[in-house]
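A short write-up of the structure that comes next.
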Amino acid sequence: MEFNWDSLDTWTVVIGGLSAVAAAMPGCFLVLRRMSMMGDAISHAILPGIAMAFLLTHTRITAIMFIGAACAGLLTAAFTQCISKYGKVDRGAAMGIVFTTLFAIGLILIRQSAKHVELDPGCVLYGSLEYSVIDVVQIGALEVPRAVISIGSVMCINILFIVFLYKELAASSFDPSLANTLGFNSGLIHYLLMMVVAVTTVAAFESLGSIIVIAMLIVPPATAFLLTKNLAHMLVLSAVVGLLSAFLGHLGAMAIPPVFGLEATVSSGMMAVAAGALFLSAWLFSPSQGLFLRLGERREHAGRPLPPTAGEGS
Amino acid sequence: MMWQTGYAMLVDRRKRGLAVLMVLVILTLAGGAAEAAWPVAEVKGDVWKLVTLQSYNSRLVILSTTLLGAASGLIGVFLLLRKRSLMGDALSHATYPGIGLAFLLMTSLGGEGKWLPGLLLGASVSGVLWVVIVSAIRRTTPLKDDAAMGIVLGVFFGAGAAIMKMVSNLPGADAAGLDGFVYGTAASLVFSDFLLILVVTGVVCGAAILLLKEFALVCFDEAFATSQGWPALRLDLTMLALVTAVTVVGLQAVGLVLIIAFLIIPAAAARFWTHKLHVMLLLSVMIGGFSGWVGSGLSSLLLDFPTGAVIVLVAAAIFIISMMFGLARGILPRAVRHARLRRKVGRQHLLRAIYELLERHQLDAAEPVSNLAIDFESLAVHRSWSSAELQSLLRTARGEDHLEDEVPGRVRLSESGFGEASRVTRNHRLWELYLIRYADIAPSHVDRDADLVEHVLDADIVRQLELELKGRPVRMFVPPSPHLIDQSAG
C-alpha cells in the first residue's frame, strides 16, 4: 500500500494528538471520580453557551466561544449538583436532565439565529479535522493551522492546571472528606475541573467534534488506569495513549477504507476507534489485571486443593 | 383508589394479562384515531384544533410522541431505580455504527440502502453489542459503570462517524438523510413510522407489565433476587433489550436528545410524588405522554421551534415543578415536614426541661410533682439555651396553649401543658430505662441516646415499653430519672 504523507497529514496528527493530550489530562480525574459521563453531558450542554455567546456578540471569535462554553459547563455542573443534592436524585439522572434541557435550549437558540448564520449542530457534533488544517496563520516562516494554536494553548493550560493543583486534585478525587479536612475546597476544585473539561471540549470540537472528545476524555485514561496504580504514571500513560491513538487513527483513516474499496474516511472517528483498540489490548493483556493474566491465575488456583479450615480436620 | 385497583391487578398474574389487553386496546384506539376521518367540529382557533387532533399531520406527530413518551416513561422508571439513567444516552449514541454498517451492507448487496427495518436491525444489533461489551468491562475490570459506558459510547460513536463518512463517499449510494435518522425527523413522520412506534411501544409496555414483579425485584435488591433463584442477569438483559427497542424506534422518530430526555425526566419527576412503585410507574407514563402531547402541539404552533427541543423543555418544566412541590420527596414539602419536626422536638425539650425543674422543687420524690412557675434564667441554664432560642421555644409553646404567663420573667405550665410535659418526660425516662436494661448503655450516657428516639415514639411503642419494663399501669406515672440531672447542661 502506498501513502502520500504530506504536511497536511502531519498537522492532522498534531491537532489530533494535542486534543487527545488536552482531553486526557482532566479525563484521568473524571474516570477516578466516576464522572466519566460528565464529559458527554458537558459536550452537549455547551451548545447554549456557544449559541448565547454568538447571539450576544455576533462574532465567532474563539475566546468568546470559550467563555460561553465555560459558563455553560459550570452551569451544568452546578445544576447537576443542585438537583442531586436538594432533590436527592441519582447523579447520573440529574446529569441527564440538565444536559438534555440545556441542549434543547441551545437547539432552539441556534434555530432562531440560523436565519443569519450557519452554526450547524451537525458540525458541532462531528467536527471537521480535515478543514481545520487548511485554516492557517503565519508564524515566522512556518504556516501553522489556527487550531494548533488554540488547542495547543488549551493543552498547556490543562497541564499547568494539573501540575499546580496536583495534590488538591488527587486528594479530592480519592477522598473528598479528607481533602476538606486538609483545608482544600473540594467543591471549588470540582467546579474548576468542570470548567477545564468544558473549555477543552469547546477547543477540540471545532476540529475533532464533541462526541469524539468524549472518547478522548475517557478512553486513554481508562486504558492507563488498567496499566498502572500510580496517579502520575496514569497521567503520563494516558497522554501517550492519546498521542498514539491520534497517530494510529489517522493512519487507519487513510489505510483501512481502501481495503474495502472505499475512500479515506474522517480521521477523528478513526482516532476514537484506535483509542478503543488500545483500550482493548490493555484490557486483554495488562500485566497487572489483564483478562488473560486473570484467566491464567484462575486456572492456577483451580488445581490447588483448598486450605483446610479450622475445626474441619478434628 | 384507582391506583390501588390497578396495582391489585398487576400483582395477580392472570390479571396482568388483562392489563396488557387494556394497553393493546388503548393502542388500537390510538392507531384508529390516527387514520380515522374525524368529525370536523366548528373551529375554535388553532390551539383547540391541535388538542383535538383535527389536523392529520400534527395528529400523527402528537400521537407518536405521546406514545413514545409513555413507553419510555415506563421503562425509564426501571432505569432510574437501577441508577442507570444515562444508559439511554450512551445507548442512543452507540446505535450509530450499526445504522451505518447496515446501510453499507444493504447497499453493497444491491438493495435499497435506506430500507427502514434493515436500518433498525443494524441499530438494534449495535445497541445489544454495546450492552454486552459494557457489562463485560464492568465485570472483568476495576473500572466502574460510568467509565465502561463512556468508553464504549465514545468508541462506538467514533466508529459510527467514520463509517458514515465512508458511506457518504460511496459511489452511487444516496446516503442523504441518514443523519436525520440519528437526529430525528419528528415533523416528517409518516403513517408507517407511526405504526412501527405503535407496535414497538405496545410490545415494550406489554413486556414490562408482564415482568413487573421480576423487574422490581431486580431493581430493588439484585443480590436477593439472585439468591432466590431469579435469573437476574437474564432479566437485566431483557430490560436493556426493551430500552434498546424504545431507543432505536424513538431515535428515528424524534431524535437523540429527546429520547434521552424521555428515558430520564418523566421517571425522575414521578419519583418526587410517591414512594410506591406502581404509582410511580403510572405517573411517569402520564408525565411522559403529557409532555409528548403538549410539547409537540406547542412546537407545531410555534413553527420555527424543533419538536424534540420543545418536548424536552415541557418535560423539564414538569420536572422542576415536581422537584419543588412533589409530595413525597419534593423540596418544599420536605422542608415543611422538617420544620414541623424541629418544632415538635423543640417543644418537647422545653416541656421536659420545665418538668425536670419542677421535680427539683419537690422535697419528697414520692409526692406528685406540683405545677409551679419557673423563671427563664434557670430554664435557660438547664438546657444551655440562649435567650433568643428560649424565647422562640416559648413562643411556640404559648401558641399551643401549653403555657400560662402570670408573672413577667417566669413561666408556668397550663393544665394541658403539664399533662404533655409529664407524658414527654415519661417517654424519655421509659426509653432511657429500656436502653439501660436491654442495650447496656451506661446511665451517664443514656440521655443523649434516648433523645434521638423519644420524639418519634408512638403510643403503641410506649405501651410495649411499659410492659417490657413492668411499669405499673398507673395513669401518668413518671418514673424518676435513672441518672443525675446535671445542673448546668441538659
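Tabulated results
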quantity: Residue in the range A:7-21 that is closer than 29 Å to B:Gly330 by Cα, in a helix (DSSP H, G or I), in contact (Cβ under 8 Å) with a residue 24 or more places away in the chain and over 21 Å from the mean Cα position of the chain (by Cα) present; calculated: no
quantity: Hey, B:Glu420 over 30 Å from B:Glu466 (Cβ atoms) and part of a helix (DSSP H, G or I) or not; calculated: no
quantity: Residue among B:Ser85, B:Ser92 that alone is assigned by TED's automatic domain parsing to the domain that holds B:Ala270, surrounded by 18 or more Cβ atoms within 10 Å (Cβ to Cβ) and in a helix (DSSP H, G or I); calculated: B:Ser92
quantity: Condition check for B:Leu302: in contact with a helix residue (DSSP H, G or I) (Cβ under 8 Å, 6 or more places away or on another chain) and of a type in the set (A, V, I, L, M, F, W, C); calculated: yes
quantity: Exclusive hit being surrounded by fewer than 24 Cβ atoms within 10 Å (Cβ to Cβ) and either in contact with a helix residue (DSSP H, G or I) (Cβ under 6 Å, 6 or more places away or on another chain) or more than 23 Å from A:Leu102 (Cβ to Cβ) (or both), set A:Leu75, A:Leu55, A:Leu47; calculated: A:Leu55
quantity: Of all residues making up the range B:158-174, the number that are at pLDDT 80 or above and more than 9 Å from every other protein chain (Cβ to nearest Cβ); calculated: 0
quantity: Which numbered condition B:Ile374 misses (of (1) farther than 25 Å from B:Asp458 by Cβ; (2) touching a residue at least 60 places away in the same chain (Cβ under 8 Å); (3) touching a strand residue (DSSP E or B) at 6+ places or on another chain (Cβ under 7 Å)); calculated: (2)
quantity: Test: residue in the range B:260-268 that is in the same structural domain as B:Ala317 (by TED's automatic domain parsing), modelled with pLDDT of 85 or more, surrounded by 20 or more Cβ atoms within 10 Å (Cβ to Cβ) and in contact with a Lys or Arg (Cβ under 6 Å, 6 or more places away or on another chain); calculated: no
quantity: Yes/no for A:Val202 being crowded, with 24+ Cβ neighbours inside 10 Å and within 12 Å of A:Val21 (Cβ to Cβ); calculated: no
quantity: Of all residues making up the range B:264-292, the number that are over 16 Å from B:Cys205 (Cβ atoms) and of a type in the set (Val, Ile, Thr); calculated: 4
quantity: When residues of the range B:98-148 are limited to those that are within 20 Å of A:Met234 (Cα to Cα) and touching a residue at least 24 places away in the same chain (Cβ under 8 Å), the one farthest from the other protein chains (Cβ to nearest Cβ); calculated: B:Asp145
quantity: Test: residue in the range A:168-175 that is within 12 Å of another protein chain (Cβ to nearest Cβ) and surrounded by 19 or more Cβ atoms within 10 Å (Cβ to Cβ); calculated: no
quantity: Any helices (runs of 4 or more DSSP H) falling wholly within the range B:175-255 and containing at least 1 residues that are within 17 Å of B:Gly289 (Cα to Cα) and modelled with pLDDT of 80 or more; calculated: B:191-210, B:232-254
quantity: Some residue of the range B:316-326 being crowded, with 19+ Cβ neighbours inside 10 Å and either part of a loop (DSSP other than H, G, I, E, B) or touching an Asp or Glu at 6+ places or on another chain (Cβ under 8 Å) (or both); calculated: yes
quantity: Failed item, numbered, when B:Leu283 is tested on (1) away from every other protein chain (no Cβ under 14 Å); (2) assigned to a loop (DSSP other than H, G, I, E, B); (3) under 12 Å from the mean Cα position of the chain (by Cα); calculated: (2)
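Table: residues versus (1) surrounded by 16 or more Cβ atoms within 10 Å (Cβ to Cβ); (2) closer than 24 Å to A:Ala215 by Cα; (3) more than 14 Å from chain B (Cβ to nearest Cβ); (4) at pLDDT below 70.
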site	(1), (2), (3), (4)
A:Lys229	no, yes, no, no
A:Val236	no, yes, yes, no
A:Leu243	yes, yes, yes, no
A:Met254	yes, yes, no, no
A:Ser268	yes, yes, no, no
A:Leu278	yes, yes, no, no
A:Phe285	no, yes, no, no
A:Pro305	no, no, yes, yes
A:Gly311	no, no, yes, yes
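The values are calculated or read from the model by the stated rules, or taken from the named source; none is laboratory data. For clarity, every value in this text was computed on a predicted model and none was experimentally measured. Positions of Cβ are backbone-derived with ideal geometry, glycine not excepted, and every protein chain shown enters the neighbour counts.
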